[in-house]
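Undergrad: Provided herewith is a single structure, encoded as structure tokens, for subsequent inquiry.
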Amino acid sequence: MAIPVLAIETAAFARMRGDTTLQGLMTSGSAPNWSIYGFEGVPINQPFPYIAAGVPMSQAGTAETLSTPGKDVKLQISVLTQTGPDGGFAQAWAIANRIDDLFNRKALDLSASGFSNFFILFESAPELPQADGITQHIPITFKLMTQG
Amino acid sequence: MSFLAGYGGSVKQGANTLATVTDWELDPSSDMYETTVISGSRAKTYLPGLYGATVALKVNFDATDTNGVIAMQNNIFSATPTVLAFTLSPNGGTNNYTFNAWVKDMKIHDPVNNIVTADTTLQITGAVSYS
């Protein structure tokens, strides 16, 4: 028994970093990270756009059975952009839309970590202008159900 | 005193532990024959008669679970169903209710934003033993 946070983040990063369409949208990035970060942290002075992903919530699971533990997990993928001719919320939504294509209703393969994920569903994506007036933030949240 | 945590329970069909059960409820009950006679008393009297039971199982639907939910579903759909043997335990096999049962009904439920479930009722046939 364990909590599948690291397994989910690892699988999510692999899916995003391996997608050539998302690579093309991450104009500040290059292989292998493509300006997509998570548990290793975002580098200081990271240029925009970038993605910061994490698992802010894991809790008792809908898929808990008498024989197998289950965890429900929120996967949050934050898209951050800055104002500019190719930036702003237009760029943020282009990246966010690709992330939705990559994750909504497309379960992660967590088998290498001993977990299974059979349910992943879009939950929210608020548009959040930041206090500095030039940074845009869209945190996209997906709900996952896991067992293991 | 030793209370039991629900997650310690188990359900077996034959020798196979059902892997997708989230809840079970056994409801044995006995018929009560009224034996009240005209007397000076206002109190009714009864004699216990036949007993029987059903089991309500809450199950997550898994199409690959051939020994569990699919076996129970086949008990309804089969042209020649055979009675199934079950063992329910509230404490991982230390104490057990054992009985034979038919699958009386299933409610297979597929909500768009949640897990697919198959709530199932077992009609017990014959005696229930507890050990």
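The values are calculated or read from the model by the stated rules, or taken from the named source; none is laboratory data. Remember, it's a predicted structure, so these values are computed and weren't measured experimentally. Virtual Cβ from ideal backbone geometry, glycine too; neighbours counted across all protein chains shown.
Undergrad: Is it fair to say residue B:47 is of a type in the set (A, V, I, L, M) and either within 13 Å of chain A (Cβ to nearest Cβ) or under 18 Å from the mean Cα position of the chain (by Cα) (or both)?
TA: Taking the combined requirement at face value, the residue does not satisfy it.
Undergrad: Any residue in the stretch B:113-131 that is at positive phi sitting within a Cβ distance under 9 Å of a residue that is at pLDDT 95 or above and surrounded by fewer than 18 Cβ atoms within 10 Å (Cβ to Cβ)? List the pairs, counting only those 6 or more apart or interchain.
TA: Close Cβ pairs (under 9 Å, with a partner that is at pLDDT 95 or above and surrounded by fewer than 18 Cβ atoms within 10 Å (Cβ to Cβ)) amount to B:126/B:83; B:126/B:100.
Undergrad: Considering B:119, B:110, B:62, which residue is surrounded by fewer than 18 Cβ atoms within 10 Å (Cβ to Cβ), within 29 Å of residue A:61 (Cβ to Cβ) and under 13 Å from the mean Cα position of the chain (by Cα)?
TA: Of B:119, B:110, B:62, the one residue that is surrounded by fewer than 18 Cβ atoms within 10 Å (Cβ to Cβ), within 29 Å of residue A:61 (Cβ to Cβ) and under 13 Å from the mean Cα position of the chain (by Cα) is B:119.
Undergrad: Can you name every one of the strands (runs of 3 or more DSSP E) wholly within the stretch B:37-131 that holds 3 or more residues which are among the hydroxyl-bearing types (Ser, Thr, Tyr)?
TA: Correct list: B:117-130.
Undergrad: I would also like to ask the following. Give the residue, chosen from A:80, A:75, A:66, that is closer than 30 Å to residue B:22 by Cα, touching a strand residue (DSSP E or B) at 6+ places or on another chain (Cβ under 6 Å), outside any loop (DSSP other than H, G, I, E, B) and of a type in the set (A, V, I, L, M, F, W, C).
TA: Answer to the selection: A:75.
Undergrad: Still on this model: Could you check the stretch B:82-131 and list, in sequence order, the residues that are within 12 Å of another protein chain (Cβ to nearest Cβ) and among the β-branched types (Val, Ile, Thr)?
TA: Within the stretch B:82-131, B:112, B:115, B:116, B:117 meet the criteria.
Undergrad: Okay, moving on. Take the residues of the stretch A:19-63 that are among the β-branched types (Val, Ile, Thr) and not in a helix (DSSP H, G or I): which is surrounded by the fewest Cβ atoms within 10 Å (Cβ to Cβ)?
TA: Top of the filtered list is A:44.
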